[in-house]
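Peer 1: One structure, pasted below without further comment.
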Amino acid sequence: MIRDRALQTREKFVAKLPVTGELLRGSLLERTIRHKSGCPKCARGEGHQVYVLTVSYGGGRVRQFSVRRERAAEVRRWLDNYQRLKEAIEAICELNHDLLRPEGAIARGGRKKRD
Ligand SMILES: [Zn+2]
């Protein structure tokens, strides 16, 4: 019974997986660049807004990619896809722990399914 429920729940997670290649890992940061001299915009205190995608790897290594303003929304969507996919994968892995338990251990105290 627990096993059936776990399998059903797992199928639901699988059906909800955002199956797409539009995936990005990391964070999109918005930064303001200010030129020290010779820029009227910066002289007015406005500065220039830029987007940077930062991606960290093992060992504390971080890569940064500049992102054009017009692609920021797209990058956010790809980051979101990654997060949703990762959460779904984690949930499936947790469920699979239940499925790894021996049948007898699950059935103890409940009805044993014959199949
Ligand atoms: Zn400037």
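The values are calculated or read from the model by the stated rules, or taken from the named source; none is laboratory data. The structure displayed is predicted, hence computed values, not measured ones. Reconstructed Cβ throughout: ideal geometry from the backbone, glycine too, with neighbour counts over all protein chains shown.
Residues are listed down the side, and each one gets a yes or a no for (1) modelled with pLDDT of 95 or more; (2) more than 26 Å from F13 (Cα to Cα); (3) under 22 Å from the mean Cα position of the chain (by Cα):
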position: G58; (1), (2), (3): no, yes, yes
position: R63; (1), (2), (3): yes, yes, yes
position: A72; (1), (2), (3): yes, yes, yes
position: V75; (1), (2), (3): yes, no, yes
position: L79; (1), (2), (3): yes, no, yes
position: E87; (1), (2), (3): no, no, yes
position: I92; (1), (2), (3): no, no, yes
position: L99; (1), (2), (3): no, no, no
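Peer 1: How many residues are exposed (fewer than 11 other Cβ atoms within 10 Å of the Cβ) and in a helix (DSSP H, G or I) when one looks only at region 13-69?
Peer 2: Result for region 13-69: 5.
Peer 1: Just give me the residues in region 13-71 being without any contact (Cβ under 8 Å) to a residue 24 or more places away in the chain, of a type in the set (A, V, I, L, M, F, W, C) and closer than 30 Å to A91 by Cα, in sequence order.
Peer 2: A15, V19, V62
Peer 1: Residues L29, L23, L7, L53: which one is more than 16 Å from the ligand (Cβ to nearest atom), touching a Leu at 6+ places or on another chain (Cβ under 6 Å) and not hydroxyl-bearing (S, T, Y)? It would help to see each step written out before you state the result.
Peer 2: Values: L29 fails: touching a Leu at 6+ places or on another chain (Cβ under 6 Å); L23 fails: touching a Leu at 6+ places or on another chain (Cβ under 6 Å); L7 fails: touching a Leu at 6+ places or on another chain (Cβ under 6 Å).
Just a single option satisfies the conditions, and that option is L53.
Peer 1: I need the full set of residues from region 70-85 which are among the small types (G, A, S) and surrounded by 14 or more Cβ atoms within 10 Å (Cβ to Cβ), in order please.
Peer 2: Hit for region 70-85 is A72, nothing else.
Peer 1: Residues L7, L85: which one is in a helix (DSSP H, G or I) and in contact with a helix residue (DSSP H, G or I) (Cβ under 8 Å, 6 or more places away or on another chain)?
Peer 2: After ruling out the rest, the residue left standing is L7.
Peer 1: Right, another one. Being over 23 Å from F65 (Cα atoms) and over 23 Å from the mean Cα position of the chain (by Cα): is that true of R44 here?
Peer 2: yes
Peer 1: Does R71 fit the bill of being in contact with a Phe, Trp or Tyr (Cβ under 7 Å, 6 or more places away or on another chain), more than 30 Å from E103 (Cα to Cα), of a type outside the set (A, V, I, L, M) and away from the ligand (no atom under 16 Å from the Cβ)? Don't jump to the end; show me each part of the working.
Peer 2: Working: in contact with a Phe, Trp or Tyr (Cβ under 7 Å, 6 or more places away or on another chain): no; more than 30 Å from E103 (Cα to Cα): yes; of a type outside the set (A, V, I, L, M): yes; away from the ligand (no atom under 16 Å from the Cβ): yes.
So R71 does not fit the description; no.
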